[in-house]
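Below is one structure, written out as structure tokens, with a few remarks after it.
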């Protein structure tokens, strides 16, 4: 690290002698979070999953020439000269319906009634739309010409057999899953979803719905983290709540079964902040203390093959540390982009955004008349600041902030 972190020293009730730079912490995250191996999954549950292997089509789509209109199959050259003033008549020799084609060869000078999606009969090469045709008995009169190939969907024009539909690394959208179905693909190889364990610590915490003591608070970080884990494509392996007891925290942290363990609370320098020393003793405490605000007590490391992130207990700090570090790792493990999963908007600063050189700041802002203004009340424990804010601005360590009138990139909490 660029600054001394002293990760093997017990910092409880002593404080940090140095803090890692955000860029160094991010570099560690990227080094440790390699894409997980693939697994075979059914196509109908593949929405949102990232392919670990490419997918090719086993067949042509369509697999036959088909009508693009309701009307009459004809030979295009035989319609030459047809108009409102010169209707041309054709005997109707049958019909072609979706799934039930006209099974014979259509003789010259005739027509076949045809519906959208139905196979074009052998001998026909065009379709007259119904609005240019009048059927009388067994004859149809047409009032427009059509060139050969008009209103006919050719075999393979949508997808050709053996062509690649999607390359490895693609995150499947709803229409992608539909295309898989349309070519009869039932299974795909997708990156395994990361398994994430939430470990919530704190004697003062009460689960919503339970009776709360005078000096207790309702626990909310698990709700936020569970939603973020789902957003980033992982699955919740378990949610464990433990008191500030070293042995209980150690057992929950070291239990096998998760790719990532998120520890909420107990990451700082207080007397009951056991998580950092447990991680150092049982595995590796690679980073503890980061030059940023909020979330400076964040830690990270690993126990065997499991990544462990120590997230501050204050709700905003927890959210910030997750998005900067833990979420990035989870997204990378699942094959997704490591970048912020928030839409960005370039806006003008309406009121000065203050920071301090030497640390990265996560500043919540409100958009007023399209201009970004920092929230007046924005402490690390003020979760409502994130609900009142439209988004946030990341101020780099080398900046003292942004003056009114300058442009900044705002990361929007809402995706729309």
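The values are calculated or read from the model by the stated rules, or taken from the named source; none is laboratory data. Being a predicted model, the structure only gives us computed values, none of them experimental. We place every Cβ from the backbone using ideal geometry, glycine too, and count neighbours over all the protein chains shown.
Report those strands (runs of 3 or more DSSP E) wholly inside the range 93-164 carrying at least 2 residues which are buried (at least 21 other Cβ atoms within 10 Å of the Cβ). So that I can check it myself, show each step before the final result.
Values: elements: 111-114, 126-129, 133-136, 139-142.
In the range 93-164, the matching strands (runs of 3 or more DSSP E) lie at 111-114, 126-129, 139-142.
Just name the residue that is modelled with the lowest pLDDT out of those in the range 382-393 that are buried (at least 19 other Cβ atoms within 10 Å of the Cβ) and in contact with a helix residue (DSSP H, G or I) (Cβ under 9 Å, 6 or more places away or on another chain).
This residue is 385.
Mind checking which pairs have a first residue in the range 36-56 that is over 12 Å from residue 187 (Cβ atoms) and not assigned by TED's automatic domain parsing to the domain that holds residue 329 and a second that is at pLDDT 95 or above and surrounded by fewer than 15 Cβ atoms within 10 Å (Cβ to Cβ), Cβ under 7 Å, 6 or more apart or different chains?
Final answer for the pair search is 47/174; 54/164; 54/167; 56/162; 56/163; 56/164.
I'm trying to understand the selection: among the residues of the range 362-381, which are assigned to a loop (DSSP other than H, G, I, E, B) and buried (at least 16 other Cβ atoms within 10 Å of the Cβ)? Step through it out loud before you land on a result.
Quick first cut of the range 362-381, residues assigned to a loop (DSSP other than H, G, I, E, B) only: 369-370, 375-381.
Result: 375, 378, 380.
Give all pairs with beta carbons closer than 7 Å in which a residue from the range 243-257 that is farther than 14 Å from residue 198 by Cα meets a residue that is part of a helix (DSSP H, G or I); count only pairs at least 6 apart in sequence or on separate chains.
246/278
So which residues in the range 35-52 are surrounded by 15 or more Cβ atoms within 10 Å (Cβ to Cβ) and either out of contact with any helix residue (DSSP H, G or I) (no Cβ under 7 Å at 6 or more places or on another chain) or assigned to a strand (DSSP E or B) (or both), if there are any at all?
Passing the criteria: 38, 41, 48, 49, 50, 51, 52.
Could you please find all residues in the range 275-302 being closer than 17 Å to residue 251 by Cβ and crowded, with 23+ Cβ neighbours inside 10 Å?
Passing the criteria: 275, 276, 278, 279.
Based on what the data block shows, is residue 179 in contact (Cβ under 8 Å) with a residue 60 or more places away in the chain, within 25 Å of residue 47 (Cβ to Cβ) and part of a helix (DSSP H, G or I)? Break it down stepwise before answering.
Working: in contact (Cβ under 8 Å) with a residue 60 or more places away in the chain: no; within 25 Å of residue 47 (Cβ to Cβ): yes; part of a helix (DSSP H, G or I): yes.
So residue 179 fails the test.
Among the numbered conditions (1) closer than 30 Å to residue 165 by Cα; (2) surrounded by fewer than 20 Cβ atoms within 10 Å (Cβ to Cβ); (3) touching a helix residue (DSSP H, G or I) at 6+ places or on another chain (Cβ under 9 Å), tell me where residue 55 comes up short.
Residue 55 satisfies all of (1) closer than 30 Å to residue 165 by Cα; (2) surrounded by fewer than 20 Cβ atoms within 10 Å (Cβ to Cβ); (3) touching a helix residue (DSSP H, G or I) at 6+ places or on another chain (Cβ under 9 Å) except (2).
So which residues in the range 202-236 are closer than 14 Å to residue 264 by Cα, buried (at least 22 other Cβ atoms within 10 Å of the Cβ) and touching a helix residue (DSSP H, G or I) at 6+ places or on another chain (Cβ under 6 Å)?
221
Surrounded by fewer than 24 Cβ atoms within 10 Å (Cβ to Cβ) and within 21 Å of residue 193 (Cβ to Cβ) - does that describe any residue in the range 310-324?
yes
For residue 357, indicate whether it is in a helix (DSSP H, G or I) and either at pLDDT below 95 or under 17 Å from residue 404 (Cβ atoms) (or both). Even if it seems obvious, please write down each step before you answer.
On the way: in a helix (DSSP H, G or I): no; either at pLDDT below 95 or under 17 Å from residue 404 (Cβ atoms) (or both): yes.
For residue 357, the condition - in a helix (DSSP H, G or I) and either at pLDDT below 95 or under 17 Å from residue 404 (Cβ atoms) (or both) - is not met.
Report yes if residue 199 is outside the structural domain of residue 120 (by TED's automatic domain parsing) and either surrounded by fewer than 19 Cβ atoms within 10 Å (Cβ to Cβ) or closer than 30 Å to residue 55 by Cα (or both), otherwise no.
Judged against the criteria, residue 199 is not a match.
If you take the residues in the range 208-231 that are out of contact with any strand residue (DSSP E or B) (no Cβ under 6 Å at 6 or more places or on another chain) and at pLDDT below 95, which one is nearest to residue 326 (Cα to Cα)?
That would be 220.
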